[in-house]
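First comes the structure, then the notes that go with it.
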Amino acid sequence: MYFEIDPHKIPYDRIIQGLCATPFKGNPRGCMNLNNKEKCPPRIMVHEFFDFSKQMFAIVTECKIGQWAEGFLKRHECDERYKLKKYPDSPKKSKEIVNKAIERLRSRHPDWPDTYFPLRNNESWESCRGIYNPRHWQGTARNKHSRNEKRFLELYPKFTVDGCPEAMGVNVTGLMAMYDIKLTWRWPPVHNKNNITYRISLAGARLK
């Protein structure tokens, strides 16, 4: 699906670009694409990329990862690698970095409501990293989202689509909350066959 957004209400801050360096399990320096891929930080901010005086849209693709994970779990129910266990298991430094970033963002943007921020993981939950491994489902999700982007561009051929708004500093959690789409950042998520994740792109006219 896609829907029009008000570019002047897009929440963004350069602090969000820095979150790509947050360490996670197996990657103590954060995302491996940081400083290595064209669409990853460091790059220009969203207001430097899109023309805010023109129409802008969000292209959002729903991915039913809970159904996939449930099927995977049933197929491997005797495999100890895919038993549910307690989380979080992220490095302590990761939580410290994220909490500090949230504090700075709240200080700089006192007008941002609580819905613009991810819920803090103050308790444990049950899941399995193996059944939610992006390598198992991300290719399918990308293809589905790519088809949606192409359909959009057939209607708006002069627009540019960017599939990594957070790399331009966009607070995607906040932007989606404005349109009643709730993003969950616990990973792996609390296991539920109804779990949904999203791929999100922004579209608009490039600044010249």
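The values are calculated or read from the model by the stated rules, or taken from the named source; none is laboratory data. Every value quoted in this text rests on a predicted model; they were computed, and no experiment measured them. All Cβ positions, even for glycine, are placed from backbone atoms using ideal geometry, and neighbour counts span all protein chains on display. Note: areas computed on protein heavy atoms with side chains; ligands, DNA, RNA excluded. Shrake-Rupley method; radii C 1.70, N 1.55, O 1.52, S 1.80 Å.
Only one of these is among the hydroxyl-bearing types (Ser, Thr, Tyr) and in a loop (DSSP other than H, G, I, E, B): Ser94, Ser53. Name it.
Details: Ser94 fails: in a loop (DSSP other than H, G, I, E, B).
Within the list Ser94, Ser53, the selection yields Ser53.
Considering region 90-99 alone, what residues qualify as being surrounded by 13 or more Cβ atoms within 10 Å (Cβ to Cβ) and of a type in the set (D, E, K, R)?
Here is the first cut: in region 90-99, the ones surrounded by 13 or more Cβ atoms within 10 Å (Cβ to Cβ) are 90-91, 94-95, 97-98.
Correct list: Lys95 only.
Of these, Pro110, Pro118, which one is assigned to a loop (DSSP other than H, G, I, E, B) and either in contact with a helix residue (DSSP H, G or I) (Cβ under 7 Å, 6 or more places away or on another chain) or among the aliphatic types (A, V, I, L, M) (or both)?
Selected residue: Pro118, the only one of Pro110, Pro118 that is assigned to a loop (DSSP other than H, G, I, E, B) and either in contact with a helix residue (DSSP H, G or I) (Cβ under 7 Å, 6 or more places away or on another chain) or among the aliphatic types (A, V, I, L, M) (or both).
Would a scan of region 100-114 turn up a residue that is of a type in the set (Asp, Glu) and surrounded by 15 or more Cβ atoms within 10 Å (Cβ to Cβ)? Write out each step before concluding.
Kept after step one, since they are of a type in the set (Asp, Glu), are these residues of region 100-114: 103, 111, 114.
Retained after the next criterion (residues that are surrounded by 15 or more Cβ atoms within 10 Å (Cβ to Cβ)): none.
No: zero hits.
For region 181-208, which positions are among the charged types (D, E, K, R), open to solvent by 60 Å² or more (accessible area, probe 1.4 Å) and at pLDDT below 95?
Lys182, Lys193, Lys208, listed by residue number.
Report yes if Glu38 is touching a Phe, Trp or Tyr at 6+ places or on another chain (Cβ under 9 Å), surrounded by fewer than 14 Cβ atoms within 10 Å (Cβ to Cβ) and modelled with pLDDT of 70 or more, otherwise no.
No, not satisfied.
Which one is nearest to the chain's Cα centre (by Cα), of the residues in region 140-182 that are in a helix (DSSP H, G or I) and among the charged types (D, E, K, R)?
At the first step, the residues of region 140-182 found to be in a helix (DSSP H, G or I) are 140-155, 165-168, 172-177.
Retained after the next criterion (residues that are among the charged types (D, E, K, R)): 142, 144, 147, 149-151, 154, 166.
Values: Arg142: 13, Lys144: 16, Arg147: 19, Glu149: 17, Lys150: 20, Arg151: 22, Glu154: 25, Glu166: 7 Å.
My answer is Glu166.
For residues that are β-branched (Val, Ile, Thr), more than 27 Å from Asp13 (Cβ to Cβ) and either open to solvent by 40 Å² or more (accessible area, probe 1.4 Å) or touching a strand residue (DSSP E or B) at 6+ places or on another chain (Cβ under 9 Å) (or both), tally how many sit in region 127-169.
Looking only at that region, the number is 1.
Return the residues of region 193-208 that are more than 23 Å from Lys54 (Cβ to Cβ) and touching a strand residue (DSSP E or B) at 6+ places or on another chain (Cβ under 9 Å); say none if nothing qualifies. Walk me through it before giving the result.
The initial filter retains those residues of region 193-208 that are more than 23 Å from Lys54 (Cβ to Cβ), namely 193-199.
Hits for region 193-208 are Ile196, Thr197, Tyr198, Arg199.
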